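Written out below as structure tokens is the structure these notes cover.
Every number here is computed from the coordinates shown, using simple stated rules; none is lab data. In this text the structure is predicted, and so the values were computed from the model without any measurement. Cβ coordinates were reconstructed from backbone atoms using ideal geometry, including for glycine residues, and neighbour counts include every protein chain displayed.
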Amino acid sequence: MPAATPDTSLWKELGWQPSAGQLQQLQQLQEELRSWNSRVNLTRLVEGDDYWIAQVFDSLWPLRQLLQEQAETPLACIDVGTGGGFPGLAVAIALPRARLTLVDSVGRKTQAVQAMAAALGLADRVELRCERVELTGRHGHCRGRFDLAMARAVAAAPVVAEYLVPLLKPDGQALLYRGQWGEGDRQELDRALKLLQAKVERCEHRELPAGRGQRTALVVTASAPCPKSYPRAVGMPGKFPLGQSGNSA
């Protein structure tokens with residue numbers, strides 16, 4: 001299938017225009033997803049708006065200020081639960097000086113995403129880790145090492161916060177991609193963040209183009225060093241989310 005080009009209005013809405021090389025990489029990424037999907041179930045969002053809006057645009061819109069003002073800044077970024085490579089590979093293409101660590105516990109997926117990164121010429125800036133993120137957050141090469149930690153469609157917000165906050169540098173930011181978001185969700189997250197010594201710095205809502213649904217981006221920063229007890233042992237954050245009664249340790 002020939003490479004498709006998205007409607008130029010998509011970039012206007014994003015407030016960022018990919019270079020010719022970046023657009024070619026995004027098109028090639030779509031082709032790589034098609035190829036790998038025949039062998040590994042990576043994602044169903046591969047064609048047309050499923051790819052350009054629900055994958056690429058949705059990955060990049062919370063970062064549009066960074067894309068506009070600091071695209072050439074060398075950043076250390078981590079994508080937790082990368083699955084088929086989003087948002088990590090889209091961010092690696094859009095931020096040409098960023099180094100990305102992509103984490104997933106499914107070996108078939110990490111192997112496929114590593115191969116896609118190599119095919120896109122990103123192998124020198126994209127590292128894959130096949131492990132549970134609770135282990136990543138305790139690893140000496142990862143804990144406290146990232147300017148930007150991201151998670152998209154991974155777990156409930158308090159769970160994701162426990163995954164991401166331990167990975168941040170003192171001035172780093174965690175980006176939680178969410179769908180619809182209400183006051184009850186915010187209260188649950190705030191209780192978890194209090195235990196993690198972090199806070200919500202920014203909360204932004206938007207509708208995706210072409211009626212693709214409501215999205216919320218939450219930017220979290222550390223207010224003090226994350227306690228050494230977090231993240232808890234593998235499986236604990238998901239089974240006993242922080243902020244619920246009795247789940248503080």
_Inter-site label distance for Q111 and R212 at 7 Å from Cα along Cβ, in nm_ = 3.0
*Could you name the aspartates and glutamates in cross-link range of K199, using Cα to Cα under 18 Å and dropping any fewer than eight places away on the same chain?*
D147, E162, D171, E183, D185, E188, D190
*Rh by Kirkwood over Cα pairs, then Stokes-Einstein D for the range 134-189 at 1.567 mPa s and 4 °C, µm²/s*: 110
*asked:* Modelling each spin label as a point 7 Å along the Cα-to-Cβ direction, I'd like the K199/N37 distance in nm, to one decimal.
replied: 4.3
*Which links in K169/K239; K12/K239; K12/K194 stretch past 31 Å when you go from one Cα to the other?*
K12/K239; K12/K194
*For the range 137-161 and the range 5-74, what is the separation of their Cα centres, given in Å?*
22
*Give me the angle, in degrees from 0 to 90, between the Cα long axis of helix 107-119 and the longest principal axis of the Cα atoms of the chain, rounded to the nearest 10.*
50
*Per-residue ellipticity at 222 nm for the chain, helices alone: DSSP H runs ≥ 4 residues times -39500 (n - 2.57), over residue total, nearest 500 deg cm²/dmol?*
-9500 deg cm²/dmol
*Considering only DSSP beta bridges with both partners in the range 17-239, what is the antiparallel share in %, to the nearest 5?*
45
*Computed FRET efficiency, Cβ-Cβ of E47 and Q180, R0 22 Å: what is it to the nearest 0.05?*
0.30
*For the chain, with the dipole built from +1 on Lys and Arg beta-carbon atoms and -1 on Asp and Glu ones, taken about the Cα centre, which of L208, A174, A92 lies farthest toward the positive end?*
A174
*State, to one decimal in nm, how far the label point of E131 lies from the label point of A71, with both points 7 Å from Cα in the Cβ direction.*
3.4
*Relative to the compact-globule scaling 2.2 N^0.38 Å, provide the ratio for the alpha-carbon radius of gyration of the range 17-239.*
0.96
*What residue among A20, A92, A192 shows peak mean-square fluctuation when the chain is described by a Gaussian network model with Cα springs under 10 Å?*
A20
*asked:* Could you compute the longest span of the chain free of GluC sites (Glu not before Pro) located in DSSP loops and having at most 14 other Cβ atoms within 10 Å, not counting the site residues?
replied: 73-249
*Mind listing the Cα extents of the range 8-123 along all three principal axes, in Å, largest one first?*
37, 30, 22
